[in-house]
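First comes the structure, then the notes that go with it.
The values are calculated or read from the model by the stated rules, or taken from the named source; none is laboratory data. All of these numbers come straight from a predicted model, not from anything done at the bench. Using ideal geometry, Cβ is built from the backbone for each residue, glycine included, and neighbour counts are taken over all protein chains shown.
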Amino acid sequence: MRLAALDLNLFVALDALLAEGNVTRAARRIGRSQPATSHALKRARALFSDPLLVRVHDSFELTARAKLLAPRLRRILAEVSATIELHQDFDPAAINAVAIGATDYAGWVFVPHMVQALRLVAPAMTFRIRAIEGPDELLPLTSGFVDLAIGACTRIPPALRSEVLFRERFVCALRAKHPSANHRLTLQKYLSLDHVLIASPTDGRGVVDYALADRGLARNVAVHLPNFLEAPSLVAETDLVVTMAERVLTRLAAPLNLKIFPCPVPLESFDVRMIWHPRTEADSISSWLRDQVRAVALRVFGRWPRRTGGAERSAASKRRVARK
């Protein structure tokens, strides 16, 4: 018989019947009518191909099979009950610490919102934020050093779970007093400028370079930077142009006196995900943490289509999102 066809309510009634050895008392124990409980006994007898309870004089006795079944049935129902109550009994205020892995972008754009929200429900919680970067960026997660990872990670092993929190797009920025700041940033003008590239030191190309190469074009990269936080300040003091995440530049445009432009090169937006290990799927703390992170992303950035699973992008798409 398929498990999907089983009725948990039948097991609840049968547990009471085997414990009480009496239909009337079993019905009273589970709050059902006597006819309904009697019908449950008939269904259980058919399911197990055994009378289960047999009349001996003025009472019922358990059959040999029922005696074997009773303790197992009780354990199954206890486990189901514990599973349901696990999250209900969970008190967020009792959490001492959580460990989060985050890319530099996620640490800048998302983590402050997350910390603020979580401290409202768990004021005593300590946050351990660990940088994840490079080819082994998810090793802290698979090794168990962090409870959750957040970022635009591009090499997600199929064994891990992931979900899109929000989506980001690329824009360009010049200093407000740049000679070209008062004109539309055309592709021709864009290619005539010197660029800042935020990329891994192991590869001198970024998302813009791959998109331009598809068109048979190239740009002049004057400065390579390993971290995106340095780029806006550099652009604010030079005639360089930078192409990077819109939320970062929007936040820094006013204090650094930058002007933002749509990127003249069509670039794919990228997904910012939360990623977790399957071993934490049913853990109450981890489940609660994912719920909170999901709620923060929805409140701050709005709803996006979410996909779960491991690595989903093509090799070309991964390569393009990997560097800015």
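Mind listing just one residue for me: the one in the range 107-134 that is part of a helix (DSSP H, G or I) and aliphatic (A, V, I, L, M) and, of those, modelled with the lowest pLDDT? So the residue we want is VAL121. Within the range 33-64, can you find the residues that are in contact (Cβ under 8 Å) with a residue 24 or more places away in the chain and among the hydroxyl-bearing types (Ser, Thr, Tyr)? Result: THR37, SER59. Name the residue that is modelled with the highest pLDDT, counting only residues in the range 270-301 that are within 20 Å of ASN96 (Cα to Cα) and among the aromatic types (Phe, Trp, Tyr). Step by step, filter the range 270-301, then rank; the result is TRP276.
Restricting the search to helices (runs of 4 or more DSSP H) fully inside the range 149-239 and requiring at least 1 residues that are outside the structural domain of ALA295 (by TED's automatic domain parsing), under 15 Å from LEU258 (Cβ atoms) and out of contact with any Leu (no Cβ under 9 Å at 6 or more places or on another chain) gives 230-236. Just wondering, is there one or more residues in the range 7-16 that are under 30 Å from ALA282 (Cβ atoms), modelled with pLDDT of 85 or more, outside the structural domain of ASP283 (by TED's automatic domain parsing) and of a type in the set (D, E, K, R)? Scanning the range 7-16, I find at least one residue that is under 30 Å from ALA282 (Cβ atoms), modelled with pLDDT of 85 or more, outside the structural domain of ASP283 (by TED's automatic domain parsing) and of a type in the set (D, E, K, R), so the answer is yes.
I'm trying to understand the selection: among the residues of the range 39-59, which are part of a helix (DSSP H, G or I) and either surrounded by 17 or more Cβ atoms within 10 Å (Cβ to Cβ) or not assigned by TED's automatic domain parsing to the domain that holds LEU73 (or both)? Matches in the range 39-59: ALA40, LEU41, ALA44. In the set (1) surrounded by fewer than 19 Cβ atoms within 10 Å (Cβ to Cβ); (2) in contact (Cβ under 8 Å) with a residue 40 or more places away in the chain; (3) not hydroxyl-bearing (Ser, Thr, Tyr), the condition left unmet by VAL196 is number (1).
Only residues that are surrounded by fewer than 19 Cβ atoms within 10 Å (Cβ to Cβ) and either at pLDDT 95 or above or part of a strand (DSSP E or B) (or both) were counted in the range 251-266, giving 9. Residues in the range 206-226 that are surrounded by fewer than 17 Cβ atoms within 10 Å (Cβ to Cβ) and basic (Lys, Arg): ARG215 only. For the residues LEU240, LEU229, LEU234, the requirement of being crowded, with 17+ Cβ neighbours inside 10 Å and either of a type outside the set (Lys, Arg) or touching a His at 6+ places or on another chain (Cβ under 8 Å) (or both) singles out LEU240.
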